[in-house]
Amino acid sequence: MTSTAQTTHTAATRPLELGAAAVVVFLCLCWGFNQVAVKLALPDIPPFTQAWIRSAGAALIIWVYARSRGISLDLRGETLKAGLLVGFLFGWEFIFIYRSLLYTTASRATLFIYVAPFVVVLGAHFLVPNDRFRWSQWAGLLMSFAGLLLAFGLPTPSANSNQLFGDLLALGGGITWGLTTLVVKSSSLAYVAPEKTLQYQLVISVPMLALCALLFGEAITQVPGSVALTSLAYQTIWVVSLTFLVWFTMVSRYSASRLSSFTFLTPLFGVFAGYLVLDDPITPAFAGAVALVIGGLILVNRPK
């Protein structure tokens with residue numbers, strides 16, 4: 001490896017400075033409110049239908065943006081295999097997550113989905129040089145996860161086969177989410193425009209999610225109201241087109257392990273968004289959960 005390549009690779013696994021950390025926290029805030037947006041649209045637009053429409057709409061937005069900036073979105077070439085893989089993982093992530101909620105509770109699903117940071121940290125140890133956690137950072141990761149346990153409760157062993165199936169689907173969603181980040185970080189996709197990385201995922205996920213909507217008999221039975229359309233627009237334009245693009249830009253520049261640890265904030269922001277928008281209750285333990293997550297993030301991102 002040349003010195004230039006070494007410098008580039010080191011830069012791509014560097015810790016987050018304060019500004020970058022603030023950006024990631026803002027992304028998690030947006031994703032937390034996305035959970036509420038999905039719920040608000042559900043009475044008029046079923047879940048898989050929402051998912052394929054937002055992927056299709058975001059793919060069009062990314063195509064227009066890339067074309068206006070002169071960014072190539074040619075999906076062939078040396079990135080094709082990695083691009084196909086992240087596209088399938090991206091599609092399966094949402095298939096697993098949406099179906100899991102039919103069989104298990106949202107709180108149980110949240111805890112199983114957020115195995116994703118552990119998948120990233122463990123995988124990066126073997127696949128991404130210079131992105132390996134110290135014991136203190138593993139302790140911080142566990143502390144943040146303990147914050148989610150405090151917020152959502154420890155999942156007890158399920159005697160209900162349907163709930164167990166839902167738990168496994170949610171776990172599959174978390175694993176595929178983590179694997180998507182790892183593939184992007186450790187493959188040729190780490191060196192291409194993030195617009196191209198995101199476009200692979202959007203283009204491939206559209207037929208997967210549309211097929212699921214068809215297979216599970218989803219249908220829009222009435223003209224969606226303004227709340228549903230606004231919620232879908234938020235998901236499509238802001239979350240998928242913009243925040244996902246920023247996320248994959250940061251994955252290419254910073255430590256994937258440290259970035260992934262910040263996603264523990266997303267479900268807490270989701271709880272807060274539910275409180276603000278849907279009048280969902282917040283338990284007294286929520287403040288303790290936030291403190292644990294933040295304390296864990298400090299340990300993960302503390303300089304050597």
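Derivation of every value follows stated rules applied to the coordinates shown; laboratory data play no part. What you see is a predicted model, and the numbers here were worked out from it, not measured in a lab. Positions of Cβ are generated from backbone atoms using ideal geometry, with glycine treated the same way; all protein chains shown enter the neighbour counts.
Observations, loosely collected:
- Every helix of 4 or more DSSP H residues in the chain counts as -39500 (n - 2.57), and over all residues that averages to -23500 deg cm²/dmol at 222 nm.
- Relative packing of 180-193, 214-227, which averages over residues the other C-beta atoms within 10 Å, highest first: 180-193, 214-227
- Among the lysines of the chain, pairs at least eight places apart or on separate chains and with Cα atoms under 26 Å apart come to 4.
- Mean Cβ neighbour count within 10 Å, used as a protection proxy, ranking 27-33, 16-22, 101-107 highest first: 27-33, 101-107, 16-22
- Hydrodynamic radius (Kirkwood) for segment 146-304, which is based on Cα pairs only, to one decimal in Å: 18.8
- Unit charges on C-beta of K, R, D, E only; dipole of the chain, Debye: 760
- Full extension of the segment from Arg302 to Leu122, taken as 0.36 nm per residue of separation minus the current Cα-Cα distance, would add 62.9 nm.
- Considering only Thr249, Trp63, Gly87, and ranking their Cα positions along the charge dipole of the chain that arises from unit charges at the beta-carbon of Lys, Arg, Asp and Glu, the one farthest toward the positive end is Thr249.
- Shape box of the chain [Cα atoms, principal axes, largest first, Å]: 60, 46, 35
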